[in-house]
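What follows is a single structure, written as structure tokens, with notes after it.
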Amino acid sequence: MILFGIIAALKLSEEHDGELVKRLQGRDPDAMRDLYDRFGRLAWSVILSIVRDRSAAEDLLQETFLRVWNRVHGFEAGRGSLGPWLLAIARNQAIDHVRSRNLRICHGYELEVSDQPALFIDIEDDILSADSARLMRNAISKLNANQQKVIELAYYEGLSQVEMAERMGQPLGTVKTWVRSALRKLREELGEAPAA
């Protein structure tokens with residue numbers, strides 16, 4: 001299911017987020033255990049779906065929860081839900097790991113900036129808000145199957161457009177068209193001005 005992790009995290013975040021955030025900000029070690037019990041498995045599955053390496057996923061999961069612990073003072077419960085915030089951190093950790101690994105493998109070959117999942121950075125900010133995430137789920141359901149697939153590959157796996165084209169067995173131009181049309185439609189559905 002497209003963006004299943006965000007949707008599941010929203011459901012898990014709907015109750016008791018404020019209390020858990022206060023406990024985390026108060027450095028209650030039991031709060032960290034509760035956070036892990038609530039979101040650990042979901043964060044691990046998001047990370048694993050991106051890095052496809054169990055050992056790396058375990059390390060990145062620990063780094064994700066450490067980052068949450070170190071940054072929880074900056075989290076404002078009124079701006080979004082705890083679960084999607086944590087999953088965004090997990091996703092970003094995993095994508096950074098994959099990019100780093102790919103750059104090492106390519107011996108300095110860097111992908112073009114325009115091919116990076118950074119295209120989706122504006123969308124990620126919207127996903128972090130609970131209300132926006134519900135709108136996002138509805139907007140994504142209005143995309144065709146190819147548009148949904150490129151959004152899923154970019155979000156969950158952090159693939160560039162070149163990598164999406166290879167994975168889907170499609171010409172790069174076709175994938176770029178799907179990405180542009182998906183982003184345009186999502187922006188329209190979310191009430192944002194379309195990018196020029």
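Laboratory data are not the source of any read-out in this text; all were calculated from the coordinates shown. Worth saying up front: this structure is predicted, and the values here are computed from it rather than measured. Cβ atoms come from the backbone with ideal geometry, glycine included; neighbour counts cover every protein chain shown.
Packing here is the average count of other Cβ atoms within 10 Å per residue, and on that basis the peptides 180-187, 166-173, highest first, run 180-187, 166-173. Here the simple spin-label model places points 7 Å from the Cα toward Cβ, and for D34 and T174 these points are separated by 5.1 nm.
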